[in-house]
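Q: Quick one: structure below, then a few questions.
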Amino acid sequence: MIKYITILKDKRKGTLTSDLLSQHIDHLREQTLKGNIALCGPFKDDDGALQIIEVESKEAAESIIKQDPFIREGYYRNYEIFELIEANENNNWLSKDSQTKGNINK
């Protein structure tokens, strides 16, 4: 599985309804039960939100985002999706990764 970081942007503040919130929660619950959402939540500044999605492709991640009522109904007008290269002890914090090596000033 590949991890994608999705940023929901351009929030239309003052337009949230109880029904839309319920639909969004149902969507998050369903995707979490399927194992597709690892983490999600709004930013403290009340201007955007993040979802970490674990799926096989960027197209699959985008499909999940497009199904989210917050996007479908325009509560968030835009989103961005980024593929994450996870750094951890198992890969020595990416110290030998080609991207990391390419960014080292020799």
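Any read-out appearing in this document is the output of simple, stated calculations on the displayed coordinates, not a laboratory observation. Note that the coordinates shown come from a computational prediction; the quantities given were computed from them, not determined experimentally. Counting neighbours? That spans all protein chains shown, and the Cβs are built from the backbone with ideal geometry, glycine included.
Q: Normalising by the residue count of the chain, find the relative contact order in percent from Cα pairs under 8 Å and 6+ residues apart.
A: Across the chain, relative contact order equals 40 percent.
Q: Quick one: net charge around LYS3, please, counting Lys, Arg +1 and Asp, Glu -1 for every other residue with C-beta under 12 Å from its C-beta.
A: After counting each charged neighbour, the total is -3.
Q: Right, here's the next one. Name the residues whose placed amide hydrogens come within less than 5 Å of the amide hydrogen of LEU50, ignoring near sequence neighbours (fewer than 5 apart) on the same chain.
A: Correct list: LEU8, GLY41, PHE43.
Q: Further, regarding this structure: Under unit Cβ charges (Lys, Arg +1; Asp, Glu -1), what dipole magnitude, rounded to 20 debye, does the stretch 2-102 have relative to its Cα centre?
A: The calculation lands at about 160 debye.
Q: Would you please classify the overall shape of the stretch 2-102 from the alpha carbon gyration tensor, given that a ≥ b ≥ c denote the square roots of the eigenvalues, rounded means a/c under 1.5, and beyond that prolate means a/b larger than b/c while oblate covers the rest? Working shown, then result.
A: Numbers: a/c = 2.51, a/b = 1.94, b/c = 1.30.
Verdict is prolate for the stretch 2-102.
Q: Straight-line reach from LYS66: which lysines fall under 19 Å, measuring Cα to Cα and dropping same-chain residues less than 8 apart?
A: Excluding near neighbours in sequence, the set is LYS3, LYS9, LYS11, LYS34, LYS58.
Q: In whole Hz, with x marking every Gly and Pro, tabulate ³J(HN,Hα) for the stretch 49-54 from phi via Karplus 6.51 cos²θ - 1.76 cosθ + 1.60, θ = phi - 60°.
A: 8, 10, 9, 9, 10, 10
Q: Quick one: Karplus J couplings for the stretch 55-71, per residue in order, coefficients 6.51, -1.76, 1.60, θ = phi - 60°, nearest Hz, x for Gly and Pro?
A: Those phi angles translate into 8, 7, 7, 5, 4, 5, 5, 5, 4, 5, 5, 5, 7, 5, x, 4, 8 Hz.
Q: Now for a different question. How large is the helix-only mean residue ellipticity at 222 nm for the chain, computed as the sum of -39500 (n - 2.57) over DSSP H runs with n ≥ 4, divided by its residue count, in deg cm²/dmol to the nearest 500?
A: Here the helix-only value at 222 nm equals -9000 deg cm²/dmol.
Q: Right, something else. Based on the Cβ-Cβ distance of LYS96 and LEU50, what FRET efficiency does E = 1/(1 + (r/R0)^6) give at R0 = 41 Å, to the nearest 0.05? Spell out each step's value before the answer.
A: Values: r = 28 Å, r/R0 = 0.69.
Efficiency, from the Cβ-Cβ distance: 0.90.
Q: Taking amide H positions as placed in the peptide plane 1.01 Å from N, state which residues far from LYS11 in sequence (5 or more) or on other chains have amide H under 5 Å from it.
A: For LYS11, the qualifying residues are ARG77.
Q: Hey, another quick one. Please determine, in degrees from 0 to 90 and to the nearest 10, the orientation of helix 18-33 with respect to the longest principal axis defined by the Cα atoms of the chain, where the helix direction is its Cα long axis.
A: 40
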